[in-house]
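Written below as structure tokens is the structure these notes are about.
The values are calculated or read from the model by the stated rules, or taken from the named source; none is laboratory data. In this text, all values refer to a predicted model and were calculated from it rather than measured experimentally. All Cβ positions, even for glycine, are placed from backbone atoms using ideal geometry, and neighbour counts span all protein chains on display. Accessible surface areas use protein heavy atoms only, side chains included; no ligands, DNA or RNA. Shrake-Rupley method; radii C 1.70, N 1.55, O 1.52, S 1.80 Å.
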Amino acid sequence: MRAPSPSGLYPVGSKTYTFIDSSRLEQLGPNALKEERKLSVRMYYPADAGTIANYKKDYLISREVMNAMAKEFFIKIDYDKKCQSGENEAPYYKDADFIKDEKFPLILFSHGYKSYKEGNSFLCADIASHGYIVLSIGHPYEAMYTSFDDGSGVSFDSSVMKKQINPFIPGLLAMRKLQKKKGTPEDLYARFVEVQNKYNRFLVDRQTQWTMDSMFVIDKAKKEFSDMIDFTAGVGATGHSMGGSTAYSLCHASEDVTCGINIDGGLFGDYEGKTMTKPFFQICSENNLSVETKPMLDKTEPAYYATFKKIKHIAFADIKFLIQSPIVTGKIPSDVMHENLCKCHVDFFDKYLKKKEQDINIPESKYIHFECV
């Protein structure tokens, strides 16, 4: 796997932080209800080009995550060999200097369920290279592996697997049936809510916790990074899968978040009677169109839709560059997925966070369909 180079003008630096939310107890893992909620955050940011030569590229995937990934996908990965060959070199510099006396808008990113905070590092680095600070949140016990700055880490809590869909077999069949269902956006969303309330209440509850994680990180950013972040137009939110659903939730829950993007996430949450008052961008795979109709409904601001064709849900993450099997990730070329995913983000956030006078225009192709509804 070779990381694509960021397409913006700025070199990208990266730092990690550990934040402890003393107002909440952890609900998962071996110390559930005994320890405070601890979050791992990776920051991607525009780095000082004048001093960048003094720094080395960071690693792309940690040994722990690579081992977990090999086990998850039944593949062999030699961590040391990938490091020696340069395949594990990230597209960002470790602890590079910030640009002095300059501020940039903030975007929050949340990974998908059982992914990890660097799972979409190619996207986050590309966004940062266009003049944004991106904080990618690791949600412990629901990530493949979450590392902390003191050298410790926690793995995915396997007990949650049977809780996501309960009871599992009828719930899985109901969701797959919904994915194939045709109908109006209203009908499809009503059916999604019915399935969610019957089989996925655990995920609805976890959605609330991920939203709280994100709002806590925003508060930390205000206190610790106010000299680097321009909050004038608010904060943007994005994420993949459960993380994308979190972005939609944040647009409802947080006054700080003023626009958001959902990358192929089913919109778990209780939104009855709620109207979206902020611009939102829904990015879909063809397989999940029927479970991602909510942004079309009950809104006062534009809703954008980009449908990526010939792609599997998991392929919106960096793993598309590691595993290119059509069975696992689909037939869309890695570079086509990446370039268009980055363009969706940069165009959207340039318009709504940087307030540029521009239209969002994603070119129509055999792989992408774009519309504003």
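Listing for the model above:
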| quantity | calculated |
| --- | --- |
| Candidates D256, D298, D347, D335 - the one that is at positive phi and at pLDDT 95 or above | D298 |
| Hey, I77 β-branched (V, I, T), open to solvent by 70 Å² or more (accessible area, probe 1.4 Å) and either at pLDDT 95 or above or under 29 Å from D157 (Cβ atoms) (or both) or not | no |
| Entirely in the stretch 1-97, the strands (runs of 3 or more DSSP E) that have 1 or more residues that are of a type in the set (V, I, T) | 12-25, 36-46 |
| Among residues of the stretch 272-331, those that are open to solvent by less than 60 Å² (accessible area, probe 1.4 Å) and among the basic types (K, R), counted | 4 |
| Looking only at the stretch 98-152, and only at residues there that are open to solvent by less than 10 Å² (accessible area, probe 1.4 Å) and of a type in the set (V, I, T), the one that is nearest to S334 (Cα to Cα) | I127 |
| Output for the stretch 243-268, where each listed residue is open to solvent by 10 Å² or more (accessible area, probe 1.4 Å), touching a residue at least 40 places away in the same chain (Cβ under 8 Å) and under 15 Å from Q209 (Cα atoms) | S249, A253, F268 |
| Residue count, the stretch 296-313 (criterion: assigned to a strand (DSSP E or B), closer than 22 Å to T184 by Cβ and not aromatic (F, W, Y)) | 4 |
| Residues of the stretch 175-193 satisfying the condition of being among the hydroxyl-bearing types (S, T, Y) and in contact with a Lys or Arg (Cβ under 9 Å, 6 or more places away or on another chain) | Y189 |
| Selected residue [under 22 Å from L28 (Cα atoms), more than 25 Å from the chain's Cα centre (by Cα) and of a type in the set (A, V, I, L, M, F, W, C)] from F156, F168 | F168 |
| Extreme residue, most open to solvent (accessible area, probe 1.4 Å), among residues of the stretch 153-190 that are over 28 Å from Y116 (Cα atoms) and out of contact with any helix residue (DSSP H, G or I) (no Cβ under 8 Å at 6 or more places or on another chain) | K177 |
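So that you can scan it fast, the table gives a plain yes or no per residue for (1) closer than 17 Å to A317 by Cβ; (2) in contact with a Leu (Cβ under 7 Å, 6 or more places away or on another chain); (3) free of Cβ contacts under 8 Å to residues at least 40 places away in the same chain; (4) part of a helix (DSSP H, G or I):
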site	(1), (2), (3), (4)
L123	yes, yes, no, yes
G131	no, no, no, no
L135	no, yes, no, no
Y141	no, yes, no, no
G151	no, no, yes, no
V160	no, yes, no, yes
K163	no, no, yes, yes
L172	no, no, yes, yes
R176	no, no, yes, yes
